Amino acid sequence: MLIIIPAFNEEKSIGAVIAKIRHAPIEADILVVSDGSTDNTAAISSRLGAHVINHAFNLGYGGALQSGFRFALNKNYDIVVTMDADGQHDPSYIKNLLEAKVRDGANIVIGTRFIDSDYKAGFLKRAGISMFCAIIRLYTGRTITDPTSGFQLMDKAVLSYLSHGDNFPLDYPDANMIMLLHKKKFRISETPVKMFNRLDGISMHSGIRPLIYMIRMLLAIVMVMLRRD
């Protein structure tokens, strides 16, 4: 199993994130994709024994993940787990993702912070999540409570699909990705996990960014609906 961590200027948190993974009750390799970072993210990750991909410039969250997917396929990993570099995700819950995969026969398992949890999100962010949950339910007939979660498990079939061409968006792979994978007949599951506030820095969903995110995601969803392949 490989844990993929996209990171952009996360030198203040990446060390703690790697340490928590090392102490979690799992056996996994770690890959940090430093997405054009200008700080010591890559150096710290390498010093702590993680594999490191160092992008020369920032490709975006989706671009960093796709680099990680291709690495996983080249190294023949059967399972990957994606985690954020800001300390929000608790690696001890990876076992929940693994259990859900076996239980549900899923190709992808999404860790949700909104079931059996007291996690609080900002108003704009929560409104956007609620809207995308409704769109996903109308399109798939499934209830996914946390379509923006970056804490996910994927098998090799999903990796193979998402690592090619334009199958994976380079900026915000969230509700649109779930809808696309449903369209391609992949099995999607969800399981409760615990998430924290980020350790340091500014979230990509802070300020007016949720509004920008909602607009771009709506356009991405329309593109999924229009796809014929």
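Since every read-out is calculated from the coordinates, none of them should be taken as a lab result. It should be emphasised that the depicted structure is a prediction, and the values quoted were computed from it without experimental measurement. All Cβ positions, glycine included, derive from the backbone under ideal geometry; neighbour counts span all protein chains shown.
Per-residue Cβ neighbour counts within 10 Å put THR41, THR82 in the sequence THR82, THR41, beginning with the fewest. Measuring between alpha carbons in the structure, the pairs from LYS75/LYS194; LYS20/LYS95; LYS20/LYS183; LYS101/LYS194; LYS95/LYS156; LYS101/LYS185 lying more than 26 angstrom apart are LYS75/LYS194; LYS20/LYS183. Take the Kirkwood radius over Cα pairs of segment 76-195, plug it into Stokes-Einstein at 25 °C and 0.890 mPa s, and you get 167 µm²/s for translational diffusion.
Give the residue list of chymotrypsin sites (Phe, Trp or Tyr not before Pro) in segment 1-92 that are DSSP loop and have at most 12 other beta-carbon atoms within 10 angstrom. Loop-located and lightly packed - PHE57. Taking amide H as placed 1.01 Å from N in the peptide plane, PHE151 has its amide H under 5 Å from the amide H of GLY111, each at least 5 places away in sequence or on another chain.
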